[in-house]
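Comments concern the structure below.
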Amino acid sequence: MKDKGDEVIEKTPEEKRAILTDEMGKWIKVMVASGGDYVKQWNVVGDLFDSTADANTFAWADYLGADGYARTAVRLAREASKADLTLFVSGHLSQYDDMVDATNRLIATADSWQSDGSTRIDGFNIGLQAVCAEDADEQQANKDQITGMLERLAATGKPVRLSALDVIYEDRTGNIVAASDIAPVQRERAADYLSFIIREYMRIIPATLQYGISLAGMTEEATGNHLRPWTSGFERTAIYEGLANGLRQSAAGYDKTQH
């Protein structure tokens, strides 16, 4: 007898919405419960502008609506927690993109979600892929993007967090230099750039809205191009000093006009 295979029962849009809302609620409830009374900050929605998604990628918005899926996630998270949660919307930005435009779109999206009068997005989490360019004009443009991005975020009056902060080095030909091949002077430039980013964050974002900075990783990969505080052999690099200097100079007071 020929195997007819599994029978496919097509659901109506309303049935799909109900099923997926229920499943989202179960997942969020378990996640929030795992943090207990200790974890009160969550990224409720992330990777809004993921360019790697294709037709085979599942998207909540296809079933719950462009605004509806985020509003549902926020509501379910707040209902699942006894604590007063701080919910962030997260976006990963690269300096190969127009970061100010991407930031504006991120803010506009959050505003759209909140336009129902009940949904509240508390802050913005930015995953930042920084590029230190050897070309002076290109590097100044990179710095201007950082400043512009932070100024737009500060203007929202919401908490801002930089996460997965990483830096790569681009030589004058536009090629990315591998961590294992980078010259000391190039690494120092990248370290200075990370220091600049930290100082700008501390300068532009009000102290009460600074929710911290985290790194994408602490050690470099033997065949990678991401520059980090330690090499793959656990030797401390200039990147460590750049991060420390950024924090130190911010604490001492930072005048951008002098840098």
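The values are calculated or read from the model by the stated rules, or taken from the named source; none is laboratory data. Remember, predicted model here, so these are calculated numbers, not experimental data. Cβ sites come from the backbone with ideal geometry, for glycine too, and all protein chains shown count toward neighbours.
Among the residues of segment 143-189, the one identified as in contact with a helix residue (DSSP H, G or I) (Cβ under 7 Å, 6 or more places away or on another chain), over 26 Å from Gly46 (Cβ atoms) and among the aliphatic types (A, V, I, L, M) is Val177. Only a single criterion out of (1) over 21 Å from the mean Cα position of the chain (by Cα); (2) surrounded by fewer than 15 Cβ atoms within 10 Å (Cβ to Cβ); (3) modelled with pLDDT of 95 or more is not satisfied by Arg189, namely (2). Taking every residue in segment 177-194 that is closer than 20 Å to Asn245 by Cα and pairing it with any residue that is among the basic types (Lys, Arg) and in a helix (DSSP H, G or I), at least 6 positions away or on another chain, the pairs with Cβ-Cβ distances below 9 Å are Tyr193/Lys143.
Scanning segment 154-193 for residues that are part of a strand (DSSP E or B), closer than 22 Å to Ala238 by Cβ and not hydroxyl-bearing (Ser, Thr, Tyr) yields Leu162, Ala164, Leu165, Asp166, Val167, Ile168, Glu170, Ile176. Of all the numbered requirements in (1) hydroxyl-bearing (Ser, Thr, Tyr); (2) closer than 21 Å to Gly242 by Cα; (3) loosely packed, with under 14 Cβ neighbours inside 10 Å, Ser163 misses one, and that requirement is (3).
Restricting attention to segment 31-58, the residues that are within 20 Å of Leu76 (Cα to Cα), under 23 Å from the mean Cα position of the chain (by Cα) and of a type in the set (A, V, I, L, M) total 6.
If only one of Lys40, Lys16, Lys26 is touching a strand residue (DSSP E or B) at 6+ places or on another chain (Cβ under 9 Å) and among the basic types (Lys, Arg), which one is it? Outline the logic, then answer.
Values: Lys16 fails: touching a strand residue (DSSP E or B) at 6+ places or on another chain (Cβ under 9 Å); Lys26 fails: touching a strand residue (DSSP E or B) at 6+ places or on another chain (Cβ under 9 Å).
Selected residue: Lys40, the only one of Lys40, Lys16, Lys26 that is touching a strand residue (DSSP E or B) at 6+ places or on another chain (Cβ under 9 Å) and among the basic types (Lys, Arg).
In segment 194-248, which residue that is modelled with pLDDT of 95 or more, aliphatic (A, V, I, L, M) and in a loop (DSSP other than H, G, I, E, B) is surrounded by the most Cβ atoms within 10 Å (Cβ to Cβ)? So, considering only residues that are modelled with pLDDT of 95 or more, aliphatic (A, V, I, L, M) and in a loop (DSSP other than H, G, I, E, B), the one surrounded by the most Cβ atoms within 10 Å (Cβ to Cβ) is Ile205. Among the residues making up segment 114-135, those that are of a type in the set (Gly, Ala, Ser) and either closer than 16 Å to Leu194 by Cα or assigned to a loop (DSSP other than H, G, I, E, B) (or both) are Ser115, Gly117, Ser118, Gly127, Ala130, Ala133.
Applying the selection to segment 141-176, what residues are without any contact (Cβ under 8 Å) to a residue 12 or more places away in the chain and within 22 Å of the chain's Cα centre (by Cα)?
We begin by selecting, within segment 141-176, every residue without any contact (Cβ under 8 Å) to a residue 12 or more places away in the chain; these are 141, 144, 155, 173-175.
The answer is Ala141, Asp144, Ala155.
The C-beta contact set for segment 63-80 (first residue touching a residue at least 12 places away in the same chain (Cβ under 8 Å), second residue among the aromatic types (Phe, Trp, Tyr) and part of a helix (DSSP H, G or I), distance under 6 angstrom, 6+ apart or interchain) comprises Asp67/Trp113; Ala70/Trp113; Arg71/Trp113.
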